[in-house]
Amino acid sequence: MINAQNTYPISGARTVFNGLNSETMFVAQTAPLPELALGEILVKVRLASICMSDVHTITGQRIEPTPSVLGHEAVVEVVSHRRPESDLAVGDRLTFSIADSCGQCEFCLAGFNQKCVQLFKYGHAKLSDGSGYNGCYATHIIIRRGTHVVKVPQTISDRCAAPINCALATTMCAMEYVPKIKNGRAFVQGDGMLGLYTCAALHEYGYEIVYCSGTRLQRSPFIDRFGAIPLYNDEILTEETNKIDVVVEVCGVPNVVNDGIRMLKPGGLYLFVGMVHPNSKLDITGEQIIRKCLTIKGIHNYASRHLDQAVQFLEKTINKYPYEELMGPTYNLSALSDAMKIAIEKKHGRILVSPNTSTESN
Amino acid sequence: MTCCDQDTGLTLGERVVFNGLNSEEMFSSEITPLPELAPGEILVKVRLASICMSDVYTVTGQRIEPTPSVLGHEAVVEVIAHRRPESDLIKGDRLTFSIADSCNKCEFCLKGLQQKCSKLFKYGHAKLSDGSGFNGCYASHIIIRHGTHVVKIPGIISDRCAAPINCSLGTTMCAMEFVPKIKNGRAFVQGDGILGLYTSAALLELGYDTVYCSGNRIQRSEFIVRFGAIPLYNDEIIAEETNKIDVVVEVCGVSTVINDGIKLLKPGGLYLFLGIVHPHSQLNITGEQIIRKCLTIKGIHNYAPRHLDQAVDFLLKTIDKYPYEEVMGPTYNLSDLPNAMKVAMEKIHARVLVKPNMT
């Protein structure tokens with residue numbers, strides 16, 4: 001085991017989610033940190049961010065196994081590891097794949113790790129699965145051996161790095177399906193983190209016009225600074241009917257889909273990213289899809305390569321877009337419930353959570 | 001004027017005009033002089049036309065098309081005269097021709113989506129007053145316009161096998177363009193009409209290991225087997241093959257099969273929609289179903305010129321392998337079009353054929 005001066009910590013702290021209908025929804029507990037198995041990495045959480053899917057879990061719109069440690073977005077730091085073939089060193093700042101995958105099944109071999117037959121997802125696993133240090137609302141995480149990790153360059157602060165391994169990597173996965181078109185026109189439906197990242201990515205990809213629609217008027221200066229034209233009414237819908245090459249749904253509501261279909265030009269592409277929950281009944285006909293020869297593609301999570309692409313993308317554009325300013329306040333892990341309440345209000349791109357240790361996060 | 005020795009000035013053509021569902025006479029036959037050809041046009045006689053199900057939907061009111069018009073968009077034709085000096089066409093050539101006449105200059109034509117040309121014209125779907133009026137296959141002749149791709153039919157393909165090339169088989173080739181070549185691929189074709197049979201054969205030729213084909217005509221099962229697929233008439237397989245199918249192809253025209261298709265697809269799978277191109281195609285699915293399995297849904301409508309070439313090549317290559325001839329139904333005279341339509345509606349045969357009187 002490679003670590004610094006034999007200082008393997010004995011225990012860590014984690015906030016356990018017991019489910020919506022339990023007496024105490026969140027319980028903080030300390031628990032021993034097990035020894036590492038081969039391929040595993042013990043990391044301390046420098047800074048976690050609250051993904052909207054966690055908000056949906058604690059408000060009952062999503063069902064996840066309980067008890068569990070939620071949280072799947074974080075920038076972490078190596079404490080100890082058993083990956084001798086890697087170049088990891090104690091102190092390295094990392095981002096890590098939300099999916100732990102086997103690397104051998106039909107899906108992994110097709111570059112589709114997020115649907116591995118033995119898939120394990122951080123922040124989505126029961127406490128009893130493996131070490132129990134399975135989520136980011138904790139002081140430590142035991143990263144499993146099938147998990148891809150990427151070092152985070154110095155120029156990227158913790159605040160900018162935290163959402164890489166869900167929101168930004170998912171955006172990179174979506175971009176893999178976007179055609180490189182001259183004078184491309186795109187429409188991003190949603191002004192949250194996914195929406196802003198997608199606007200920037202489309203802009204970097206050479207798209208000439210990127211519209212971004214949402215529900216938060218106060219988000220419009222950010223939309224503008226992320227390379228898109230903010231929209232808060234339906235006028236454009238009429239003007240741009242049949243003229244849009246790519247529409248990206250990143251708002252989580254199905255009622256925008258009909259507009260999206262109308263805007264797409266024949267042969268256009270619709271990416272569905274946000275509405276990965278049961279209340280997503282589509283009000284469309286097969287005829288609409290056929291007559292315009294449309295493609296609809298569902299994007300769920302991402303594969304290992306998209307994590308690499310996310311870090312590269314962020315490093316390349318770190319000074320071009322206001323990533324830092326978009327992040328909201330940082331709460332201590334002990335105040336997770338409060339942090340969740342603020343996250344529900346959707347005022348900020350992300351709410352951050354810092355574990356209750358001597359770790360200094362920048 | 002033409003590249004062939006032909007006095008076309010006084011040639012008459014016959015066409016059966018569709019006047020609409022609520023008119024006194026739904027179909028009326030008329031005989032009228034054939035106009036002179038403009039540059040790029042081809043005067044062809046119809047050797048044999050076939051009745052596509054979409055025409056049946058038009059005459060039963062489930063589809064609305066402009067009227068009055070000459071319906072019919074599937075046919076094998078023969079060159080009488082032409083004004084394409086740069087081509088190698090000669091009188092007597094048997095041809096199939098693209099259902100779409102396109103401009104080849106607009107954004108859609110330039111990216112190979114000619115079926116969505118900004119100036120699209122579709123044979124069998126155009127008003128009588130558009131151009132020559134010899135715009136559909138339920139006629140003795142067609143004036144093929146200068147933006148229409150044509151392909152010669154090799155001698156070993158009979159008229160009966162050739163007629164449906166320029167809708168069903170061309171469309172099938174277009175669909176196949178999106179099908180990934182996978183080792184041990186498993187596919188599910190929802191529909192046992194002519195599109196379903198062509199698709200089954202095409203998937204088999206692409207190397208798919210297991211191709212299921214479901215439909216509602218038990219009598220079609222023998223043909224399904226001979227077109228390379230496993231016929232299905234109950235739901236048992238759906239449970240067994242849940243999450244295991246690489247490609248599902250909807251070619252039956254009913255939207256109720258979609259949920260089964262989505263259940264069958266494995267993560268990352270592809271769903272091709274071909275048949276439900278009519279308003280009664282409300283989908284009963286959620287965005288979650290599409291996202292969680294990272295599915296792709298692709299709508300296929302008509303085809304581009306290259307798919308017509310591919311269709312002829314495919315048929316030539318497999319003409320002795322699959323029972324294309326046997327699956328065609330009886331031939332009716334053009335004057336008997338209403339009866340032919342009635343028989344087509346019964347869906348007993350893959351196609352009902354129509355032969356003009358004058359040729």
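The values are calculated or read from the model by the stated rules, or taken from the named source; none is laboratory data. A quick note: this is a predicted structure, and the numbers were derived from the prediction, not measured. Note: ideal-geometry Cβ built from the backbone for every residue, glycine included; neighbour counts use all protein chains shown. Accessible surface areas use protein heavy atoms only, side chains included; no ligands, DNA or RNA. Shrake-Rupley method; radii C 1.70, N 1.55, O 1.52, S 1.80 Å.
Brief remarks follow.
- Using the Cβ-Cβ distance between B:Ala239 and B:Ala38 with R0 set to 51 Å, the FRET efficiency works out to roughly 0.30.
- Phi angles across region B:240-254 convert, under the Karplus curve 6.51 cos²θ - 1.76 cosθ + 1.60 with θ = phi - 60°, into 3J(HN,Hα) values of 5, 9, 3, 6, 10, 9, 7, 9, 10, 10, 8, 9, 10, x, 10 Hz, Gly and Pro given as x.
- Where labels lie 7 Å past Cα in the beta-carbon direction, separation of A:Asn255 and A:Glu204 in nm: 3.4
- Label-point gap, in nm, between A:Gln118 and B:Asn357 - each point 7 angstrom along Cα→Cβ: 7.5
- Between the helical axis of A:304-317 and the longest alpha-carbon principal axis of chain A there is an angle of about 80 degrees.
- Under 5 Å, built H, 5+ apart or other chain: amide partners of B:Cys52: B:His73, B:Glu74
- Pair A:Arg62, B:Asp313: separation of 7 Å Cα→Cβ label points (nm): 4.6
- The B:Arg226 and B:Phe178 beta-carbon pair, evaluated with R₀ = 25 Å, returns a calculated FRET efficiency of approximately 0.45.
- Packing, as the average of other Cβ atoms within 10 Å across residues, places the peptides A:137-148, A:282-293 in the order A:137-148, A:282-293, highest first.
- Pairs with C-alpha atoms separated by more than 27 Å, drawn from the list B:Lys152/B:Lys355; B:Lys45/B:Lys127; A:Lys121/B:Lys293; B:Lys119/B:Lys347, are B:Lys119/B:Lys347.
- Where a label projected 7 Å from the Cα of B:Lys321 along Cα→Cβ would reach, residues of region B:227-263 with amide N under 19 Å: B:227-231
- Relative contact order for chain B, counting Cα pairs under 8 Å that sit 6 or more residues apart, in percent: 17
- Degrees separating the helix A:193-204 axis from the principal Cα axis of chain A, which is the longest one: 60
- Mean residue ellipticity (222 nm) of chain A, computed from DSSP H runs ≥ 4 via -39,500 (n - 2.57), nearest 500: -6000 deg cm²/dmol
- Shielding by partners - mean other protein chain Cβ count within 10 Å, residues of B:274-286: 5
- Phi-based couplings in Hz for region B:98-106 (Karplus 6.51, -1.76, 1.60; Gly and Pro marked x): 5, 4, 9, 9, 10, 7, 6, 10, 6
- Shielding by partners, peptide A:225-235 (average Cβ within 10 angstrom, other chains): 0
- Rounded if a/c under 1.5, otherwise prolate or oblate - region A:178-298, Cα gyration tensor axes: oblate
- Length-normalised contact order of chain A in % [C-alpha pairs under 8 Å, at least 6 apart]: 18
- Within straight-line cross-link reach of A:Lys347, lysines at Cα separation under 23 Å, skipping those fewer than 8 residues along the same chain: A:Lys320
- Estimated from helical segments only, the mean residue ellipticity of chain B at 222 nm is -6000 deg cm²/dmol, where each DSSP H run of four or more residues counts as -39500 (n - 2.57).
- Sorting B:Ile237, B:Ile31 by solvent-accessible area of protein heavy atoms yields B:Ile31, B:Ile237, largest first, with a 1.4 Å probe.
- Report note on the peptides B:13-26, A:154-167: ranked by the mean count of other C-beta atoms within 10 Å, highest first, their order is A:154-167, B:13-26.
- Take the Cβ atoms of A:Gln218 and B:Gln282, set R0 to 41 Å, and the FRET efficiency comes out at 0.65.
- Tensor-based shape of region A:112-151 (alpha-carbon gyration tensor, a/c under 1.5 rounded, otherwise prolate or oblate): oblate
- Using θ = phi - 60° and Karplus 6.51 cos²θ - 1.76 cosθ + 1.60, couplings along region B:232-237 (whole Hz; Gly, Pro as x): 10, 10, 9, 9, 4, 4
- Summarising the amide proton neighbourhood of B:Ile230: residues at separation of 5 or more, or on other chains, whose placed amide H is nearer than 5 Å comprise B:Val211, B:Tyr212, B:Cys213.
- Area of A:Leu42 that stays accessible when all protein chains are in place (1.4 Å probe, Å², to 10): 0
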